[in-house]
Amino acid sequence: MTTATKGPGVPSPPRTPAAPVTEEPWQRLHPRMVVVSVSWLAGPAAALLGTMFLARDLLNTHGWIVLGSYIVVAAVQAGHEWVRYRTTRFRITDGEVELHSGLLFRTDKSIPRDRVRSADLTANPVHRLFGLAAVKIGTGEHTGKNEDDELVLDGIARAQAVRFRALLLHRGGQEGSDNAPALPVPLARLRWSWARYAPLTVTSLAGVLAVVTGGSKLLDTLGLDLTDSRVARDAWDRLDALPLAVATAVVAVVLLAIGVAGSLVSFAEAWYGHRIEREPEGALHLTRGLLTSRSVSVAERRVCGVELSQPLPLRAVAAARLTLLATGLGGAAGRFSHPAQLLPPAPLDSAHQVTADVLNEASSPVTRVALRGHPRPALRRRLVRGCLLAPAGAAASAGAGTAWGPLPWWTAAAAALLTAGCGYALAQDAYRGLGHALSGDYVVVRHGTFVRRTVALRRDRIVGFTGRQSYAQRRAGLFTLTATTAAGKGAVRIRDVDVAEGLRFAEAALPGLVAPFRAPEPSPAG
């Protein structure tokens, strides 16, 4: 055995030094968040002082008490935000997103980057004034009210937020590339003609009513009564001089005008600058908002389908809203409302076209596919529910007679017949709205009458099926088939479908999943 040795005159090869281990530095939130956290109180405080000055009642005790409470709340909020700024650190490494926060109760949160499903960038008017933004990082897991499935960085520079979002969704690009970056492909933009559908949504009118109610309560707390003014008294005297029916119509028209104006303002604030783009790196980018800007990016590999919803007023004018079903959208943080909404109330044809563009369905949109109807026992179940409105109408008539005085004996019967007729029409409409079908890679389900929903869900994003039967469904040979998924509300239900048809549908959607649990069908005698 021979061994090679180095002679005394042969120099040893130089050692290659080990590459230093680089560690991402920890970063803090922006210190301007301390000012941002209390700036929202400046508006109400200024409005309060202005109201007291215009009312020439600067010695109003209630007003000074409210103003003092504003100052105390601002001081507490500023202290809390300063502690949050000093104790919060975050960093994005090659494998994780880490966040450490808290003083007395320490919170250490870490999310692997390969679990990041979406990044929602939001900036309210105060954030935009100070050049800040908030980023919510979603993982697509639904854990109830627990916020462990998301990480929120509230109070970083807007440029830094945009850079973080691109980094988290693997869209950082290659430095030094000679090729010009590809431009995003526009899919949809806002059309201001869609604003005509805004007053037909209940949420807009409810928001206006909430603002009016809150304003009246604030004025009452301050001891200010605007009805004591000369203009208000003249208007009330003229209204009191009109017949009851005319006065009621005038009040209804005024309230309707306020609601319509408020809904239009709300529409403009929420959907200004709305656009949907497909980015070259394989992501859908949604941007909208006038005062509060919202920018959401979702990787297309996380898109599971769409939901087309038609409340009864929108359905009457052939309009709908469109929502994206994707893992990672939503979550428990209430500061990011409706991040998955693709379109405001818009014409039905536009919603179908955006569906085809978003899902890359070049032929016909899956939301237009012809659906298979449900058996007649499903109609009987809805008719029974509609008949239950008759005693409710009779009871309402009896209650009105108790409050306003005795009514003729036939009013209860007329109210029962009227409500039963409405119930019958609603039951027929609900039955016509039932349907399900397989269209290529998608399961399409439709149901509802007050809000008709059409859901198109990718078959490969279905985790499993669950069947459930109530006693009445068992008697009618029906059951509710539920497709479980990680997107949207986590489940898509096919209501009141025939048992045999539902099992065949589940087997066709996911071959091999239901077959082991089905009883073999008897072979035909021959």
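The values are calculated or read from the model by the stated rules, or taken from the named source; none is laboratory data. None of the values given here were measured: they were computed from a predicted structure. Because the Cβ atoms are built from the backbone with ideal geometry, glycine has one as well, and the counts that use them run over all protein chains shown. Accessible surface is based on the protein model in full, side chains and every heavy atom, while ligands, DNA and RNA are left aside. Shrake-Rupley method; radii C 1.70, N 1.55, O 1.52, S 1.80 Å.
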Residues in the range 114-141 that a label on Val35 would reach, taking backbone N under 19 Å of a point 7 Å out along Cα→Cβ:
123-134
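In the neighborhood of Thr88, defined by Cβ-to-Cβ distances under 12 Å, what is the net charge if each Lys or Arg adds +1 and each Asp or Glu adds -1?
On the way: positive: Arg28, Arg84, Arg86, Arg89, Arg91, Arg106, Lys109; negative: Glu81, Glu98, Asp108, Asp154.
Summing Lys and Arg as +1 and Asp and Glu as -1 gives +3.
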Can you compute the modelled spin-label distance between Glu501 and Arg474, with each label point 7 Å from Cα toward Cβ, in nm?
2.2
Full extension between Arg163 and Leu417 adds, at 0.36 nm per residue less the Cα distance, a length in nm of 85.1 nm
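Full extension from Asp429 to Thr484: what is 0.36 nm times the residue separation minus their Cα-Cα distance, to one decimal in nm? Write out the running numbers ahead of the final one.
On the way: separation 55, 0.36 × 55 = 19.80 nm, distance 2.68 nm.
Here the answer is 17.1 nm.
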Thr466 label point, 7 Å along Cα→Cβ, cut-off 18 Å on backbone N: hits in the range 484-503?
484-497, 503
Please find the FRET efficiency linking Leu513 to Val83, where r is the Cβ-Cβ separation and R0 is fixed at 56 Å, and quote it to the nearest 0.05.
0.60
Pseudo-spin-label distance Ala249 to Asp114, built 7 Å along Cα→Cβ, given in nm, is 7.0
If packing is taken as the average count of other Cβ atoms within 10 Å, what order do 321-327, 244-250, 299-305, 187-193 fall into, highest mean first?
321-327, 299-305, 187-193, 244-250
Sum up the charges of everything whose Cβ sits under 14 Å from the Cβ of Gly386, counting Lys and Arg as +1 and Asp and Glu as -1, but leave Gly386 out.
+4
Return the distance in nm (one decimal) between the two label points of a simple spin-label model at Ser193 and Phe450, each offset 7 Å from Cα along Cα→Cβ.
3.2
Around Arg452, under 10 Å between beta carbons, what's the net of Lys plus Arg minus Asp minus Glu among the other residues?
+3
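Heavy atoms only, probe 1.4 angstrom, no DNA, RNA or ligands counted: give me Phe505, Phe105 ranked by accessible area, highest first. Provide the component values of the computation, followed by the final result.
Working: Phe505 15, Phe105 175 Å².
Of Phe505, Phe105, the descending order of accessible area is Phe105, Phe505.
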